[in-house]
Every structure is written in structure tokens, then in C-alpha cells.
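The values are calculated or read from the model by the stated rules, or taken from the named source; none is laboratory data. Predicted model only: the values in this text are computed from it and were never measured. Here the Cβ is made from the backbone with ideal geometry for all residues, glycine too, and neighbour counts use every protein chain on show. Please note that ligands, DNA and RNA were not included when accessible areas were found on the heavy atoms of the full protein model with its side chains. Shrake-Rupley method; radii C 1.70, N 1.55, O 1.52, S 1.80 Å.
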Amino acid sequence: MTTTDNSGDVRLSGISKTYGSFTAVHPLDLTVPQGSFFALLGASGCGKTTTLRMIAGLEEPTLGTVHLGDQDVTHLPPYKRPVNTVFQSYALFPHLDIFENVAFGLRRRGIKSVKKQVEEMLELVQLGEQARKKPHQLSGGQQQRVAVARALINHPKVLLLDEPLGALDLKLRRQMQLELKRIQMEVGITFIHVTHDQEEAMTMADTVAVMNAGRVEQLGSPADLYENPQTTFVANFLGTSNLIEAEVDSTSGDDIVLKAGGGKLSLPSARCSAPAATGGKVLVGIRPEKISLTAAADAGEIPEGRNRITGRIVDSSFIGVSTQYVIDSPVCPEFEVYAQNIDRDARLVPGAEVVLHWNPAHTFGLDAAQDIDAGVETVEEEAA
Ligand SMILES: Nc1ncnc2c1ncn2[C@@H]1O[C@H](COP(=O)(O)OP(=O)(O)O)[C@@H](O)[C@H]1O
Ligand SMILES: [Mg+2]
């Protein structure tokens, strides 16, 4: 094992996994820097677990190599890799108390004086008081923290977490997300966290890789993925996007002017990930919270230079901090708009004629050859 700073880097070079004629993971290049909190995000079946198992050594790649730091570990068995895994099922030993569950890895290596290390670990996961309880006497969240302590006591360079919070209810999951984030910052080792929950990935990770059908579609910081999606799948899978089919009218300076539903929209060229030749098609995207709503009667008050679309409110849901509107417009039958509840206009009710308008800088452009609904159903399935 090297002692250089990069010993916790994980580098995947062209790794793939096929089962017969089925490709679970297409050749994948990925570098996870030492000390980062990295999330693999995607719907069930997209290849997350397979990727994780190849890093752990539980699955042999069909092609490609796995490096940890400078070491090629592709052909090392799992127990010789400085990696530990935490699964959704905590797999604690039911007959051992919490202390002995955490001590297990040390005892197996023949280490006799375990007390100090175990106590430190239990402190880290805030279970010092629970040391003499049995697993069944703890809540799900506490049991998962024991599983984390049990993995970390081996001083891995990399901790792999495969949907570790999947069995917890929503409120506990939220607490544990923050808790795991704190633990990662405290120990400073590389965490690779697998989840199908986009909010979870965005809350926890420095970098998120969005996987779809065995491929990484896009990789970036949560804010970058959200603000600058490069594919319809990413635009729809991370939050909600309004996508409009538009035709390129002209290019003027740094902006592309598009025709959609009889009107014109402006898109910064730098925010268009598709070729934009005049007459060609582009999908124009805008996030629901970037849009303002103005009653049609007041349309004259909307400042110059904003993208605008007319429509009629078909549905509105008041959810406290915001109101979510669905709007029927010539460019999109179900345009979504989220308005913060600051000064509510009593005229904005179903049936009202409105103008939707936004700063063109928030618009993004995508390749129109893609499925406009990619990533949409997947989110609904997971929520069901
Ligand atoms: N041992 C196996 N044999 C055949 N197919 C497999 C095997 N393991 C996984 N798969 C398939 O590979 C795909 C990816 O699986 P997996 O990595 O578990 O997805 P995820 O963790 O993202 O839900 C799935 O279609 C799954 O059915
Ligand atoms: Mg899985």
C-alpha cells in the first residue's frame, strides 16, 4: 500500500460487466478522488450495485481495470483490498452486543486490546451509550450506524455504501443522510454511495454520477447537474424540467433564437448541448422554480428581454412554502411552475389566463433526437 495522498483514489478504466449477451455495465471510466463523497445515482437495474461490487472485488470485470491509488487491484480478492462495504441489510450479528459487533474485524485479525478503538468508533457514530445492547434493541438508523462503525474500524481507504438507507422511513433517512455526511467529513476517507433517490444523492455527495442503462450519463456537482443537464434523462430524473420542442430561427451573438408555439425564445449558446443549425430542432428546458407567473391583464408590466409564453392555469396546489401550478400552453400541455409564497396574486387560480416568463440565462438546450420523457416514469415508479 502506498502512503501518498492519493491512496484513497478510486480509478476505473474501461470496466464493463456482461452476463451472457446482456451488458449490465458498459465500459466505464471514472475517477473518484481521495476523500470525496461520491454518489452513483440511477433507477433500479441501471448497474449501480454491479459497479460497486467490481470495486469491492465481489465481481470480476469482464473488461478493464480497477485502481486504488497507484495499486492495480483488479485481480485482488475482496479481503486484500482496503475497501469495506455497508449494505442496506445491516447484517449485524444478532447474538453479539453492539461493542462486539464493532470489535469483530479487529478480533478476527487477532488484535487483543480493542477497547479504545471500539469506544472511539462508537463515539464517532454517537452510540457510546448503547455498547452493551443487542442489535434488536436498537432502531433501524442506529443499527445502520453500527454497520458503518463496524466497517470503518478496519480503516479502509474507501467505504462503499449500497443503498444503506433504503430500509429506513423518510424522516430517519433524512437524519441519517446528514449523519453519514458528518461521519465522512470527520474520517476524511472516500465514500462511494449508491442510491436511486436523487434528493439523497444531491444532499450528500460532492460529485454525483447519474447512471442510466449501464452507462454514466453525466457527472458533476449536484448544482451543476441540476442547472446544466446535458440529456433529457438527467433533466427529468433530477427534479422536474419543462421541455419544449423548438426550431432554431437564428443565431445572434451569444444567443440562439428559437421558435416555439408561434412565439420566440432566447437561449444562451453556451447553455445548448446540441448542435443548433438554423431550421434544426432543439429541446428547450426550463426549471419550474425559475419561472414567474403574471396575470394576462398585467402582461404589459413584464420587463423587456425575458422569455415569455402564454397559457392557462389548469391546476394549482398550495404546499406552504410554494404553490405548484400546472399550465396549459401552446408549447407544452403540462407546464409546471413553482411560485414561492411571498405576495400571492388572488387572480392566479385554475382557469386564469397567464404569462409565464423567465430570464433567458436560465434556459438550457438539449439534443432533440432524445426521448423527451426519458427519466420521467422511472421517478414515478420509485416513488410508488
Ligand atoms: N449475476 C447476474 N446475472 C445476470 N444478470 C445480472 C446479475 N447481476 C445483475 N444482473 C443484471 O444487471 C443489471 C444491473 O444490476 P444491478 O447492478 O444490481 O443494478 P442496480 O444496483 O442499479 O439496481 C440488472 O438488469 C440485473 O438484473
Ligand atoms: Mg442495487
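Please give the number of the condition Ile15 fails out of (1) surrounded by 18 or more Cβ atoms within 10 Å (Cβ to Cβ); (2) out of contact with any His (no Cβ under 7 Å at 6 or more places or on another chain); (3) in contact (Cβ under 8 Å) with a residue 60 or more places away in the chain; (4) more than 17 Å from Leu159 (Cβ to Cβ).
Of the numbered conditions (1) surrounded by 18 or more Cβ atoms within 10 Å (Cβ to Cβ); (2) out of contact with any His (no Cβ under 7 Å at 6 or more places or on another chain); (3) in contact (Cβ under 8 Å) with a residue 60 or more places away in the chain; (4) more than 17 Å from Leu159 (Cβ to Cβ), the odd one out for Ile15 is (3).
Listed here are the residues, each with its yes/no results for (1) outside the structural domain of Leu225 (by TED's automatic domain parsing); (2) surrounded by fewer than 15 Cβ atoms within 10 Å (Cβ to Cβ); (3) on the phi > 0 side of the Ramachandran plot.
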site	(1), (2), (3)
Gly239	yes, no, yes
Ile244	yes, no, no
Ser252	yes, yes, no
Gly263	yes, no, no
Ser269	yes, yes, no
Ala276	yes, no, no
Val282	yes, no, no
Gly285	yes, no, no
Lys290	yes, no, no
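Any residue in segment 329-345 that is within 20 Å of Asp373 (Cβ to Cβ), assigned by TED's automatic domain parsing to the domain that holds Asp373 and of a type in the set (A, V, I, L, M)?
For segment 329-345, residues within 20 Å of Asp373 (Cβ to Cβ), assigned by TED's automatic domain parsing to the domain that holds Asp373 and of a type in the set (A, V, I, L, M): present.
So which residues in segment 52-108 are over 21 Å from Gly35 (Cα atoms) and among the acidic types (Asp, Glu), if there are any at all?
Those that are over 21 Å from Gly35 (Cα atoms) and among the acidic types (Asp, Glu): Glu59, Glu60, Asp97, Glu100.
Go through segment 292-328 and count every residue that is among the polar types (S, T, N, Q) and open to solvent by less than 40 Å² (accessible area, probe 1.4 Å).
Looking only at that region, the number is 4.
Residue by residue, here is whether (1) at pLDDT 95 or above; (2) on the phi > 0 side of the Ramachandran plot; (3) touching a Phe, Trp or Tyr at 6+ places or on another chain (Cβ under 8 Å); (4) among the charged types (D, E, K, R) holds:
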residue	(1), (2), (3), (4)
Thr2	no, no, no, no
Val25	yes, no, no, no
Leu30	yes, no, no, no
Phe37	yes, no, yes, no
Leu40	yes, no, no, no
Gly64	yes, yes, no, no
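Identify all residues within segment 34-83 that are under 17 Å from the mean Cα position of the chain (by Cα), in a loop (DSSP other than H, G, I, E, B) and in contact (Cβ under 8 Å) with a residue 60 or more places away in the chain; write none if there are none.
Of everything in segment 34-83, those that are under 17 Å from the mean Cα position of the chain (by Cα), in a loop (DSSP other than H, G, I, E, B) and in contact (Cβ under 8 Å) with a residue 60 or more places away in the chain turn out to be Ser36, Gly42, Ala43, Ser44, Cys46, Gly47.
Please tell me if Gln88 is open to solvent by 50 Å² or more (accessible area, probe 1.4 Å), within 16 Å of ligand 2 (Cβ to nearest atom) and assigned to a loop (DSSP other than H, G, I, E, B).
Yes: the conditions hold for Gln88.
Consider His67 against the criteria (1) more than 16 Å from ligand 1 (Cβ to nearest atom); (2) buried (at least 21 other Cβ atoms within 10 Å of the Cβ): it satisfies all of them except one. Which criterion is unmet?
(2)
Given the residues Ser44, Ser21, which is the only one that is within 29 Å of Asp169 (Cα to Cα), of a type outside the set (Asp, Glu) and within 11 Å of ligand 1 (Cβ to nearest atom)?
Ser44
With respect to Thr51, determine if the residue is crowded, with 20+ Cβ neighbours inside 10 Å, of a type in the set (Val, Ile, Thr) and within 11 Å of ligand 1 (Cβ to nearest atom).
yes
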